[in-house]
Amino acid sequence: MNRLSHAARVSPAAATPPATRGRATIFAALAALSLLGSASATADVLSFDNLRPDIYESGQTLNTSSYNLLFLADPTTAAGGGVSGVGAILDGRVTSSCDIAACPQGATGNYLAILNDGGVNFSRADHQAFTLAGFDYSFIAPITGLPDMNWGQLQLSGTLSNGQVISTSLAFPGQGSDGNYYFRSASLLSSFSSQVFTGLTFNACIFNDTGVCSNSLDFPAFNQGQFALDNINISAVPEPSTYMLMLAGLGALGALSRRRAGKAAVNATVQGA
């Protein structure tokens, strides 16, 4: 009877060893940390299909998928403090989207067009940093019927967290056999795609008679620096403090688990005595 009575008094804590419960707590916390990390690393693909076709002036900001897109005036207009039409969301399935310019072919939905030597700056609405894995792009010729040649380049300038600016450029895709320009996936150097940015600017330059690709106040592009962007693969990067807080939380859970295990061991010793 005494043995049966003693067995009946075994608590759940004794049935599940404290060390095992402590490990389970830490494993659960690690799993939560892993889920948080994988969620933060999930890329956003900006396809612009959730937006209605519209036009934008320099100085306007468009918010989509947690990113702010600030439209930038051409250098001449910006120097004079003016405003110009530089941005548009166009539907690639509608041929009438472009009345004069030779808009690109191959888009299955909406895309972002930057016109009249303008540019666009990307930043996170929550002020987090981000990385750029890739995107589709094309040249927008000012008129149809131009010969197939390298008219200019797409230029990218990224601002790092320390304020440093790094840049790269890509040649625009040429024409297809039908004489139209088509979207092409960008091939970014790893030295650029591996960077973490707080801001990223896209604009275009056009080759002048001297062979210099320019779009500046001294060497304007005369409204020929135009391009299209689509399927921008971009990912938010949490601040280092976010990871530190999560690690601190794990440390606190571990310490709490050890204290509970120690108390349970003391109680078991007293009861056994």
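The values are calculated or read from the model by the stated rules, or taken from the named source; none is laboratory data. Remember, predicted model here, so these are calculated numbers, not experimental data. No Cβ is skipped: glycine too gets one built from the backbone with ideal geometry, and neighbour counts run over all protein chains shown. Only protein heavy atoms, including side chains, enter the accessible area calculation; ligands, DNA and RNA are left aside. Shrake-Rupley method; radii C 1.70, N 1.55, O 1.52, S 1.80 Å.
Screening A39 on (1) in contact with a Pro (Cβ under 7 Å, 6 or more places away or on another chain); (2) at pLDDT below 95 shows it passes everything except condition (1). For D99, the conditions (1) over 27 Å from the mean Cα position of the chain (by Cα); (2) modelled with pLDDT of 95 or more; (3) of a type in the set (D, E) all hold with the exception of (2).
Looking only at segment 230-241, residues that are open to solvent by less than 60 Å² (accessible area, probe 1.4 Å) and modelled with pLDDT under 90 come to 1 in all.
Being farther than 15 Å from S97 by Cβ and either open to solvent by less than 60 Å² (accessible area, probe 1.4 Å) or assigned to a loop (DSSP other than H, G, I, E, B) (or both) is the filter here, so list the residues in segment 47-69 that pass it. Within segment 47-69, S47, N50, S58, G59, Q60, L62, T64, S65, S66, Y67, N68, L69 qualify.
Of these, A102, A125, A107, A113, which one is buried (at least 19 other Cβ atoms within 10 Å of the Cβ), more than 22 Å from I206 (Cβ to Cβ) and in contact (Cβ under 8 Å) with a residue 40 or more places away in the chain?
Values: A102 fails: more than 22 Å from I206 (Cβ to Cβ); A125 fails: buried (at least 19 other Cβ atoms within 10 Å of the Cβ); A113 fails: more than 22 Å from I206 (Cβ to Cβ).
Answer to the check: A107.
Being surrounded by fewer than 16 Cβ atoms within 10 Å (Cβ to Cβ), small (G, A, S) and within 19 Å of F183 (Cα to Cα) is the filter here, so list the residues in segment 74-99 that pass it. The answer is S96, and nothing else.
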